[in-house]
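Peer 1: This is the structure I have questions about; it appears just below.
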Amino acid sequence: MRPQKIGLILTGGGSRAAYQVGVLKAIAEFLPRSSRSPFSVICGTSAGALNAATLAVNARHFRKGVNYLLNVWKNFRVHEVYRSDFVGVVHNGVRWVAGLVLSSFGSDKLNYVSLLDNAPLVELLERALPCEKIQECIDSGALHALSITASGYGSGQSVTFYQGAEGIQPWRRARRVGVPEKIEIRHLLASAAIPFIFPAVHIHREHFGDGSMRQLSPISSALHLGADRVLVVGMGHGGDENDTERRNKIDDYPSLAQIAGHALDSIFLDGMEIDLERLRRINNIVSLIPEEVRPQVNLRHVDALVISPSQPLEKIAERHLKGLPWTIRILLRSVGVMRRNGANLVSYLLFDKSYCRALIDLGYQDAIKRKEEIMAFLDQNTHKPDNTFPQ
């Protein structure tokens, strides 16, 4: 039997993606120091795309790639992701307002505007991420495929750009396609372009935004690329969604910040949760079909292990609100973000080392608690039972 390909799916979530780094740190410690990546198929979306590409570049030295991510995320400052200086914030704010005004008169001269200017992130990626090494890792056999998903504003499709070994076929499904492409920095920036907040990126003949938008089936890319089982590191809601504080606030009229945070939750979290539920149901159906009949119905059982935060990340963000530069705090205060009920939105934008370190520690501890489960899942000779999904 051929070795099973294990897929790693890193979802989106802005600065919340620091949680993924904590989980990866624990997994790297579980494995021998010089190990290759245990994940031959790596799929990233939004901020998860940045982590995914880094792992792909370092697929021959898994711990090296994880250590690089740790070094970046543990020392992140807001100004390394988007401009937070006074001149930069004012300039971008003026462009934003001017664009809105001019567009009302039918002008498109200042259409290329966003709330924040992510030029520093562009410089960081171009300086630190040698994407040409992705093909080297594929040629060496350390990596089978890397995919980066972005959302096309023109076509309305979820487009998965992938670079992989020979034999992987493009795919086309309802509102989603898989396109072979040499992965470059622009694909990462497109995938991480949070709507309204970061600018869209032009690739070929279309502008693309955050890959979590319209991503109806986040798990499918890994399966199309040949993964037999998948490890999903998500940004789930965490904790008890029915806690007393939330019930007490349910009748409060939502602020603009709450509405924005709710929209981002819908973009980044709901698609994965729905797809996992769909996969669980398909697995149950497959278990009822005799093995000799399964090839005829084109269905197979897919094991998936999901690791998501054990605590609400917005609660952690509340404790680190002061990590935002004063210019950004003033900008966001006008829409109610700096009040406690706006912390959910901040949890996606708080690229500050104190907050990121807290999320890394949470991810690390969550993974340590599930060490045996993770190691059993990574053992390619171990066939997990049908209850791999947490019930």
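The values are calculated or read from the model by the stated rules, or taken from the named source; none is laboratory data. Treat the numbers as computed from the prediction; the structure is a model and nothing was measured. Here the Cβ positions follow ideal geometry from the backbone for every residue, glycine too, while neighbour counts run over all protein chains shown. Accessible surface is based on the protein model in full, side chains and every heavy atom, while ligands, DNA and RNA are left aside. Shrake-Rupley method; radii C 1.70, N 1.55, O 1.52, S 1.80 Å.
Peer 1: How about segment 200-214: which of its residues are assigned to a loop (DSSP other than H, G, I, E, B), within 17 Å of residue 181 (Cβ to Cβ) and open to solvent by 10 Å² or more (accessible area, probe 1.4 Å)?
Peer 2: The answer is 204, 205.
Peer 1: Something else: Of everything in segment 25-51, what is closer than 19 Å to residue 357 by Cβ, among the small types (Gly, Ala, Ser) and either free of Cβ contacts under 8 Å to residues at least 40 places away in the same chain or touching a strand residue (DSSP E or B) at 6+ places or on another chain (Cβ under 8 Å) (or both)? Give them in sequence order.
Peer 2: Across segment 25-51, the qualifying residues are 28, 48.
Peer 1: Within segment 140-196, track down each residue that is open to solvent by 10 Å² or more (accessible area, probe 1.4 Å), touching an Asp or Glu at 6+ places or on another chain (Cβ under 8 Å) and assigned to a loop (DSSP other than H, G, I, E, B).
Peer 2: Listed by number, the residues that qualify are 153, 154, 155, 192, 195.
Peer 1: Let me ask something else. Consider only pairs whose beta carbons are under 9 Å apart and that are at least six residues apart or on different chains; among these, list those whose first residue lies in segment 274-295 and is over 23 Å from residue 218 (Cα atoms) and whose second residue is surrounded by 10 or more Cβ atoms within 10 Å (Cβ to Cβ) and not hydrophobic (A, V, I, L, M, F, W, C).
Peer 2: Filtered contacts from segment 274-295: 294/300; 294/301.
Peer 1: Take the residues of segment 159-188 that are in contact with a helix residue (DSSP H, G or I) (Cβ under 9 Å, 6 or more places away or on another chain) and modelled with pLDDT under 95: which is farthest from residue 132 (Cα to Cα)?
Peer 2: Filtering first and then ranking leaves 173.
Peer 1: Out of the residues in segment 16-34 meeting the condition of being in a helix (DSSP H, G or I) and open to solvent by 10 Å² or more (accessible area, probe 1.4 Å), tell me which one is nearest to residue 348 (Cα to Cα).
Peer 2: If we take residues in segment 16-34 being in a helix (DSSP H, G or I) and open to solvent by 10 Å² or more (accessible area, probe 1.4 Å), then 25 is nearest to residue 348 (Cα to Cα).
Peer 1: Next question. Could you give every pair whose Cβ atoms fall below 9 Å, whose first residue belongs to segment 122-150 and is under 18 Å from residue 6 (Cα atoms), and whose second residue is β-branched (Val, Ile, Thr) and surrounded by fewer than 20 Cβ atoms within 10 Å (Cβ to Cβ), counting only separations of at least 6 or pairs across chains?
Peer 2: Between residues of segment 122-150 that are under 18 Å from residue 6 (Cα atoms) and residues that are β-branched (Val, Ile, Thr) and surrounded by fewer than 20 Cβ atoms within 10 Å (Cβ to Cβ), the close pairs are 144/168; 145/168.
Here's the yes/no breakdown for (1) of a type outside the set (Gly, Ala, Ser); (2) modelled with pLDDT under 70; (3) over 30 Å from residue 3 (Cα atoms):
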position: 215; (1), (2), (3): yes, no, no
position: 223; (1), (2), (3): yes, no, no
position: 238; (1), (2), (3): no, yes, yes
position: 250; (1), (2), (3): yes, yes, yes
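Peer 1: Being assigned to a strand (DSSP E or B) and either within 29 Å of residue 321 (Cα to Cα) or at pLDDT below 95 (or both) narrows it down to one of 44, 93, so name that one.
Peer 2: 44
Peer 1: Condition first: assigned to a helix (DSSP H, G or I), among the acidic types (Asp, Glu) and exposed (fewer than 14 other Cβ atoms within 10 Å of the Cβ). Can you find one or more residues in segment 283-296 that meet it?
Peer 2: Going through segment 283-296, the residues assigned to a helix (DSSP H, G or I) turn out to be 283-287, 294-296.
Okay, now just the ones that are also among the acidic types (Asp, Glu), so none.
No, because not a single residue in segment 283-296 is assigned to a helix (DSSP H, G or I), among the acidic types (Asp, Glu) and exposed (fewer than 14 other Cβ atoms within 10 Å of the Cβ).
Peer 1: Here's a follow-up. Are any residues in segment 58-68 open to solvent by 10 Å² or more (accessible area, probe 1.4 Å) and assigned to a helix (DSSP H, G or I), and if so, which ones?
Peer 2: 63, 64, 67, 68
Peer 1: While we're looking at this one, here's another question. Open to solvent by less than 60 Å² (accessible area, probe 1.4 Å) and at pLDDT below 95: does that describe residue 124?
Peer 2: Criteria met by residue 124.
Peer 1: I'm trying to understand the selection: among the residues of segment 322-336, which are open to solvent by less than 20 Å² (accessible area, probe 1.4 Å), part of a helix (DSSP H, G or I) and either more than 16 Å from residue 264 (Cβ to Cβ) or at pLDDT 70 or above (or both)?
Peer 2: Result: 327, 328.
Peer 1: Can you run down the residue pairs with Cβ atoms below 7 Å, 6 or more apart or on separate chains, where the first is in segment 157-170 and among the aliphatic types (A, V, I, L, M) and the partner is open to solvent by 30 Å² or more (accessible area, probe 1.4 Å) and not in a loop (DSSP other than H, G, I, E, B)?
Peer 2: Within 7 Å, the pairs are 159/179.
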